[in-house]
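For reference, the structure discussed in these notes is given below.
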Amino acid sequence: MYNPGWDEETARPYFFLSYAHTPRVGVRGGGDHWVGKLYEDLSEAVLQITDLPEGAPVGFMDQSMHQGQLWAQRLAKELATCRVFVPLYSPRYFSSVACGQEWSSFARRPVFPERQTSEPTSGIVPVLWVATRHYALPQVASQLQFNHSSFGPNYVAEGMYALMKLGDYQASYQLAVLRLARRIVDVAENTVIPTVRPVDFLSQPSAFEVKAPAKRLRISVFSYRQAELPEGRNPDFYGPRRVDWHPYQPQATRPVAEHAVRLAKQMGFESSVHEFDEEAEEVLEAAEPTAPSLLLLDRWALRDEQRREIVRKFDRRNPDWVKVLEPWNTADQECVEQDRELAELSARSLRFKHREAKPSFHSGPSGLNTLEDFEEALQRAVMGAKYAFEDRSRRSQDSQGSPRPSLRGAFGDEPRPPGRPPERGADDEEGGSPPGAAFGGGHE
């Protein structure tokens, strides 16, 4: 496990500061400002009580929120070489997958006491960023033997963040930082923690227990792969997979499904992303749905007659636990030019879904023309799908013992379930909704 590429003449960082990034609040920024101040004060204190030469690394703090392969490689390197791991305890910390991966990456390293008679240690020196009495610690943290009381009673009662924020606690803060620095140096100098080969950080499991998600959400994407685009459609909005569709370029280059997953997570949902083409049969024929669902529909894909028929069958089935969002980008000149044609294709293909769309789901009269419109509509759509899914589950439980309805009528001429509106021909205009009447839009 020893890393032969490590230069033994190079000083190793005394500590790796592991913390959860806090969202920005207003112009003053978030809690990361205070974490940065703690890092600077702690680094200065470590320098004062050691003989580290000028320019030697004192510690490491990930001060950027950049992600990607280079970012992951840097974290992996620091976690494979640092001398002490310093996590900042908070509810946000223990709910962060990245923080759990940092803990897991460090904890895989062997730790030996400097002397055989020394007390065993883990090489982890935790900090109470906020007091822990208001939340439960995960198992790896609760099993860690650590005496916080030596940092002072105000620190134990309030946590480091409060000591920094409140003027009356400045003396307590300075004492806690000094004693924390001494503890870091003591652990670093009284343990042997060999460097190891950096691991693939992104593949590391979280050291924290993963709670079973209380709410699940299925997200389906109906779009094109870049290789199957019709002639004349700009490939810059697509990728090698249908789920790579990113319609809001240049405002946003990430796939729209990733935006949906992120927003749903903020609402407490754990999401899975699928190509609608692959799971259409399951959605249409399943005896009971497994989760509320969203369908992110690219109107350009409706130009394909065969795939448009899949959408029509889905619409005739009209599963109320699946809500449809139709992202549209008025900054895309091709969308502007083809707006009326594609809006009419949508109106004919999604008659029942357009009819059931509640006005409260609309972000505005012109539809989901920006990422902000999409995000606002998505929140309402997620909750609408959740309510419908829960209502269906209750009705299913109440009617246990009754014959289970067949859903294959969506593909043939079987009788529709009670209360289902009569089906119309694909090109029958009577009773149809106006273009743009569902979640998506672009046609005024």
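Taking first residues from region 32-43 that are within 11 Å of Met61 (Cα to Cα) and partners that are among the β-branched types (Val, Ile, Thr) and part of a helix (DSSP H, G or I), the Cβ contacts under 9 Å between residues at least 6 apart in sequence or on separate chains come to Leu38/Val177. Within region 229-251, residues that are touching a residue at least 12 places away in the same chain (Cβ under 8 Å) have Cβ atoms under 6 Å from residues that are of a type in the set (Gly, Ala, Ser) in these pairs: Arg242/Ser223; Val243/Ala257; Trp245/Ser223, counting only partners at least 6 apart in sequence or on another chain.
Scanning region 118-168 for residues that are hydroxyl-bearing (Ser, Thr, Tyr), surrounded by 11 or more Cβ atoms within 10 Å (Cβ to Cβ) and either out of contact with any helix residue (DSSP H, G or I) (no Cβ under 8 Å at 6 or more places or on another chain) or closer than 20 Å to Tyr19 by Cβ (or both) yields Ser118, Ser122, Thr132, Tyr135, Tyr155, Tyr161. Just need a number here: residues in region 113-168 that are outside any loop (DSSP other than H, G, I, E, B) and β-branched (Val, Ile, Thr). Within region 113-168, residues that are outside any loop (DSSP other than H, G, I, E, B) and β-branched (Val, Ile, Thr) number 5. Scan region 322-347 for residues that are in a loop (DSSP other than H, G, I, E, B) and either of a type in the set (A, V, I, L, M) or in contact (Cβ under 8 Å) with a residue 40 or more places away in the chain (or both) and the total you get is 7. For region 225-237, the set of residues classified as surrounded by fewer than 15 Cβ atoms within 10 Å (Cβ to Cβ), assigned to a helix (DSSP H, G or I) and not charged (D, E, K, R) consists of Ala227, Pro235, listed by residue number. Quick check: anything in region 172-190 modelled with pLDDT of 90 or more, touching a Phe, Trp or Tyr at 6+ places or on another chain (Cβ under 9 Å), part of a loop (DSSP other than H, G, I, E, B) and of a type outside the set (Asp, Glu)? Looking for residues that are modelled with pLDDT of 90 or more, touching a Phe, Trp or Tyr at 6+ places or on another chain (Cβ under 9 Å), part of a loop (DSSP other than H, G, I, E, B) and of a type outside the set (Asp, Glu), one finds none in region 172-190, hence no. Regarding Ala252, is this residue more than 30 Å from Ala388 (Cα to Cα), at pLDDT below 90 and buried (at least 16 other Cβ atoms within 10 Å of the Cβ)? Considered against the rule, which asks whether it is more than 30 Å from Ala388 (Cα to Cα), at pLDDT below 90 and buried (at least 16 other Cβ atoms within 10 Å of the Cβ), Ala252 comes out as yes.
Tallying residues that are crowded, with 20+ Cβ neighbours inside 10 Å, closer than 20 Å to Ile193 by Cα and either aliphatic (A, V, I, L, M) or outside the structural domain of Leu144 (by TED's automatic domain parsing) (or both) within region 76-114 yields 5. Here Pro319 meets each of (1) part of a loop (DSSP other than H, G, I, E, B); (2) closer than 22 Å to Thr370 by Cα with one exception, condition (2).
Scanning region 322-341 for residues that are at pLDDT below 90 and within 29 Å of Thr290 (Cβ to Cβ) turns up nothing. For Leu38, the conditions (1) part of a helix (DSSP H, G or I); (2) at pLDDT 85 or above; (3) exposed (fewer than 12 other Cβ atoms within 10 Å of the Cβ) all hold with the exception of (3). Scan region 115-122 and tell me whether some residue there is in the same structural domain as Gln170 (by TED's automatic domain parsing), closer than 17 Å to Tyr14 by Cα and within 22 Å of the chain's Cα centre (by Cα). No, the conditions are met nowhere in region 115-122. Residues in region 296-334 that are among the β-branched types (Val, Ile, Thr) and touching a Gly at 6+ places or on another chain (Cβ under 8 Å): how many? Summing the residues that are among the β-branched types (Val, Ile, Thr) and touching a Gly at 6+ places or on another chain (Cβ under 8 Å) in region 296-334 gives 2.
Here's the yes/no breakdown for (1) surrounded by 23 or more Cβ atoms within 10 Å (Cβ to Cβ); (2) closer than 20 Å to Arg241 by Cα; (3) touching a Leu at 6+ places or on another chain (Cβ under 6 Å); (4) of a type in the set (Ser, Thr, Tyr):
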| position | (1), (2), (3), (4) |
| --- | --- |
| His259 | no, yes, no, no |
| Asp277 | no, yes, no, no |
| Pro289 | no, no, no, no |
| Leu295 | yes, yes, no, no |
| Trp328 | yes, yes, yes, no |
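Asp186 passes every criterion in (1) surrounded by 13 or more Cβ atoms within 10 Å (Cβ to Cβ); (2) of a type in the set (Asp, Glu); (3) in contact (Cβ under 8 Å) with a residue 40 or more places away in the chain apart from (3). Testing Pro240 on (1) in a loop (DSSP other than H, G, I, E, B); (2) surrounded by fewer than 19 Cβ atoms within 10 Å (Cβ to Cβ); (3) not assigned by TED's automatic domain parsing to the domain that holds Val273, one condition comes back false. Which one is that? Of (1) in a loop (DSSP other than H, G, I, E, B); (2) surrounded by fewer than 19 Cβ atoms within 10 Å (Cβ to Cβ); (3) not assigned by TED's automatic domain parsing to the domain that holds Val273, only one is false for Pro240: (3). Among the candidates Glu344, Glu430, the residue that is at pLDDT below 50 and charged (D, E, K, R) is uniquely Glu430.
The values are calculated or read from the model by the stated rules, or taken from the named source; none is laboratory data. Treat the numbers as computed from the prediction; the structure is a model and nothing was measured. Using ideal geometry, Cβ is built from the backbone for each residue, glycine included, and neighbour counts are taken over all protein chains shown.
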